[in-house]
Amino acid sequence: MSLSPAEVWKRILDRARQELPDQTFQAWLEPTEALSIEGSTIFVGAPDQFTADWNDSKHGELLSSYAPIVLGHPLNVVFRVNEERKRRSQMDFFVSPPVTPTRASTALNGNGTPLSDRYTFDLFVIGKSNELAAAAAHAVSQAPGKAFNPLFIYGDTGLGKTHLMQAVAHETLQRSPATRITYVGTEQFMNELISSILDRSGADFRRRYRETDLLLIDDVHFLKGRKETTQEEFFHTFNALYEAGRQIVLTSDRPPSEIAGLEARLISRFQWGMVADIGLPDFEHRVAILKQKAQLDRLELTIPDDVIHFIAEHVRSNVRELEGSIIKLLAYASLKHKDITVDVAREALRDKLRAIEGFEPESASSLTVLAIQQAVAKEWGVTVDGLRSKTRTKNLTIPRQIAMYLTRELLSTQLVEIGNAFGGRDHSTVIHSLEKVQQDITEDTALRSRINRIRGNLEAFNFRPITRVETSAVS
């Protein structure tokens with residue numbers, strides 16, 4: 001009696017289970033299923049294209065070699081994406097869809113960017129750093145236009161601002177599917193405004209944005225420095241929606257009062273409702289985020305608790321880095337055919353494992369935050385402890401700001417990490433410091449020369465050329 005594709009695949013998997021490490025089998029082969037047998041080939045379904053390609057390149061030939069042993073005849077194993085999973089994003093690798101899909105996976109009634117099924121309240125892990133923003137977002141979704149209008153959420157990159165914003169849309173659509181929602185980034189708003197001016201479709205542009213029931217605008221800090229026309233249109237759009245009692249949700253990397261170049265009338269309106277920040281997750285919060293991700297991806301048995309605690313202890317920058325560390329660890333362990341342990345995690349994530357105090361280098365020739373702090377402290381005649389202290393006297397504030405600026409410029413260190421290295425300062429304080437130094441070096445040639453001298457010393461320390469101080473904008 002001939003075997004079904006499922007039975008054939010089970011026999012091959014049973015053999016593979018004996019030969020491959022448990023973590024490799026669970027992460028890469030367990031989520032697969034037999035699709036069909038055509039001639040001398042069995043087609044196996046994978047949850048996404050990345051997994052299909054990985055299994056083909058890393059396991060395909062090995063699995064095919066098991067066929068003569070368990071079946072008595074050769075059979076090629078080929079992986080392909082399950083038809084129902086093809087619409088998923090490559091970035092959703094290892095992430096299972098929510099149990100109950102929402103209507104919000106569509107393009108929001110034709111307005112704006114589609115929502116991600118992953119960005120719901122159920123999948124948002126709440127901790128001390130984001131509980132106020134999460135509570136405010138949930139309140140807005142229950143009573144749009146009545147509670148906290150506008151809702152302004154700010155924080156550094158990768159901490160969950162966009163997640164909360166989209167969660168509001170998901171929940172609103174579940175409660176009222178007919179709600180008209182527009183979700184765009186500030187750049188898209190500006191580009192559409194320019195297009196409407198060029199093709200004389202201003203009335204359509206205004207109708208689209210002013211007749212929506214829920215307006216979600218991401219990254220409003222990009223309004224900084226925009227021409228008066230953009231801020232003028234944004235102002236009138238805001239007023240029209242607010243006066244009509246329609247909900248507005250905005251995100252930014254800094255609070256309204258610290259968005260340089262933003263008109264005062266916009267700043268005041270952004271502060272009318274609730275301004276809530278999202279900070280860096282603490283250790284317990286990071287553990288909870290990693291455990292939830294492991295549960296969602298059905299990897300609870302694959303990643304031991306001690307490995308989760310190890311990652312949470314060393315990867316402190318943001319949620320995206322945490323999730324990226326899990327993906328990198330799984331890929332590394334599979335490639336090396338090793339079980340996932342703390343030692344394997346240390347190997348896989350060695351580029352991410354930087355000690356918080358001083359950001360010690362991986363080798364003697366690497367430039368570090370500590371080296372920058374020492375160089376600036378020596379130039380200004382202060383101590384490194386002074387740069388890290390809470391003291392705000394002028395003799396410490398100026399060199400501290402310059403050290404932050406050089407850290408950002410030379411190491412591309414994230415804002416929250418810079419804040420941690422300089423006494424646990426808020427990322428908005430770091431942003432202010434960067435912008436202040438950038439402005440000063442455009443006006444003070446002596447200061448610019450002084451900073452370039454420090455760069456020269458750091459260049460010799462780092463064994464690589466470093467771009468001289470110019471007057472480019474701080475990003």
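Points to keep in mind about this one:
- The lone exception for His337 - which of (1) in contact with a Leu (Cβ under 9 Å, 6 or more places away or on another chain); (2) closer than 22 Å to Trp54 by Cβ; (3) modelled with pLDDT under 70; (4) open to solvent by 40 Å² or more (accessible area, probe 1.4 Å) it fails: (3)
- Condition check for Arg286 on (1) open to solvent by less than 30 Å² (accessible area, probe 1.4 Å); (2) more than 30 Å from Pro31 (Cβ to Cβ): one failure, at (2).
- All of (1) among the aromatic types (Phe, Trp, Tyr); (2) out of contact with any Pro (no Cβ under 9 Å at 6 or more places or on another chain); (3) crowded, with 21+ Cβ neighbours inside 10 Å hold for Phe121 with one exception: (3).
- Region 250-267, residues that are surrounded by fewer than 20 Cβ atoms within 10 Å (Cβ to Cβ), in contact with a Lys or Arg (Cβ under 7 Å, 6 or more places away or on another chain) and touching a residue at least 60 places away in the same chain (Cβ under 8 Å): Ala260
- Residue match in region 246-261 (condition: part of a helix (DSSP H, G or I), at pLDDT below 85 and within 30 Å of Leu151 (Cβ to Cβ)): yes
- Restricting Val437, Val469 to residues that are at pLDDT below 85 and open to solvent by less than 60 Å² (accessible area, probe 1.4 Å) narrows the list to Val469.
- Scanning region 212-231 for residues being modelled with pLDDT of 85 or more and charged (D, E, K, R) gives a total of 3.
Residues checked against (1) open to solvent by less than 70 Å² (accessible area, probe 1.4 Å); (2) not in a helix (DSSP H, G or I):
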position: Phe222; (1), (2): no, no
position: Thr230; (1), (2): yes, no
position: Arg269; (1), (2): yes, no
position: Leu280; (1), (2): yes, yes
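- For Ala294, the criteria (1) among the hydrophobic types (A, V, I, L, M, F, W, C); (2) farther than 17 Å from Val125 by Cα; (3) free of Cβ contacts under 8 Å to residues at least 40 places away in the same chain hold in every case but one, which is (2).
- Selection from region 298-327 of residues that are within 23 Å of the chain's Cα centre (by Cα), closer than 20 Å to Thr32 by Cα, touching a residue at least 12 places away in the same chain (Cβ under 8 Å) and open to solvent by 60 Å² or more (accessible area, probe 1.4 Å): Arg298
- Filter result for Gly245 (within 24 Å of Ser141 (Cβ to Cβ) and either surrounded by fewer than 19 Cβ atoms within 10 Å (Cβ to Cβ) or free of Cβ contacts under 8 Å to residues at least 24 places away in the same chain (or both)): yes
- A count restricted to region 31-54 and to residues that are touching a residue at least 24 places away in the same chain (Cβ under 8 Å), of a type in the set (D, E, K, R) and either part of a strand (DSSP E or B) or closer than 13 Å to Lys10 by Cα (or both) stands at 1.
The values are calculated or read from the model by the stated rules, or taken from the named source; none is laboratory data. Here the structure is a predicted model, which means the values were calculated and not measured. Methodologically, a virtual Cβ is constructed for each residue, glycine included, from the backbone with ideal geometry; neighbour enumeration extends over all protein chains shown. Side chains are part of the model used for accessible areas, which takes the heavy atoms of the whole protein and leaves out ligands, DNA and RNA. Shrake-Rupley method; radii C 1.70, N 1.55, O 1.52, S 1.80 Å.
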